[in-house]
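Down below is the structure, laid out as structure tokens.
Values quoted throughout were computed directly from the atomic coordinates according to the rules given, and no laboratory measurement underlies them. All values derive from a computational prediction rather than experimental measurement. Backbone-built Cβ (ideal geometry, glycine too); neighbour counts: all protein chains shown.
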Amino acid sequence: MKLHRNTIWLVPLILIITFPLWRIPVGAFLTPRGGFNPEIANGGGEPASQNFSMKKITILQNQKGKDTALIRAESARTAGHSKVFVLRKVDADLFDAAGNITHVVSNTGEYNVTTKVLTLIDDVVVNKTRDKQFLYTDLLYYDGDKRTVRCPGKTRLVSQNATIDGGSLDYDIEAARYDIGGRVHVTLDGFSVPAGSPAP
């Protein structure tokens with residue numbers, strides 16, 4: 001009995017001495033399976049692909065307790081990056097400081113959750129209801145943080161008495177200021193030359 005008790009201390013000694021021999025196979029056996037990523041487990045990253053799709057989505061933006069934009073779409077999906085939604089049939093309302101609504105529709109678009117930039121593509125129509133103005137373009141960027149609209153391509157701005165064609169358009173929502181770039185062509189409705197003035 002004494003001999004048996006005295007040999008028990010040899011077991012941990014043997015394990016310590018033979019550690020280099022069994023460390024690698026036991027470590028490989030205990031390694032988590034399924035592509036474990038410690039950064040994701042600690043909240044420091046995300047899986048390479050999290051594709052999903054949704055129907056009838058609504059995105060509400062606000063600043064300082066006030067709603068600044070309400071973005072609706074018939075459907076949304078991710079395409080390899082969970083921070084960017086690909087939207088179909090976009091219908092959005094942009095609000096200025098006084099609560100006036102600028103209505104925007106397009107066939108397709110993208111919304112970046114991180115930058116809060118809404119990109120609208122293909123048959124974009126902007127309706128500034130208060131001033132009865134319409135803007136037509138094929139590409140529009142709305143920056144939710146800066147509260148700006150940028151159209152880098154051809155645009156057509158139509159109001160009650162004028163049509164303005166331009167090469168680009170920038171609009172500051174808070175300042176209600178347009179900047180039309182490129183070659184600008186203006187058509188005025190109901191404009192007449194005063195009597196006695198030379199013909200153009």
- Item | Contour excess over end-to-end distance, with Cα ends at Ile101 and Asp145 and 0.36 nm allotted per residue | 14.1 nm
- Item | Burial ordering of Phe85, Phe134, Phe19, fewest other beta-carbon atoms within 10 Å first | Phe19, Phe134, Phe85
- Task: Would you mind ranking Phe52, Phe95 so that the residue whose beta carbon has the fewest other beta carbons within 10 Å leads the list?
- Result: Phe52, Phe95
- Label Lys116 and Ser75 with points 7 Å out from Cα along Cα→Cβ: what is the distance between them in nm? 2.9
- What is the packing order of peptides 106-118, 167-179, taking the mean over residues of other C-beta atoms within 10 Å and listing the highest first? 106-118, 167-179
- Task: Would you mind ranking Val186, Val86, Val149 by Cβ crowding within 10 Å, fewest neighbours first?
- Result: Val186, Val86, Val149
- Could you list, in their original order, any pairs among Lys89/Lys132; Lys55/Lys83; Lys56/Lys89; Lys116/Lys146; Lys64/Lys128; Lys56/Lys154 whose Cα atoms are separated by more than 19 Å? Lys89/Lys132; Lys64/Lys128; Lys56/Lys154
- Karplus (6.51, -1.76, 1.60) ³J(HN,Hα), θ = phi - 60°, over the range 149-163, in Hz, Gly and Pro reported as x: 10, 10, 10, x, x, 4, 9, 10, 10, 10, 10, 4, 10, 8, 10
- Task: Describe numerically, in nm with one decimal, the distance between label points set 7 Å from Cα along Cα→Cβ at Glu174 and at Ala162.
- Result: 2.6
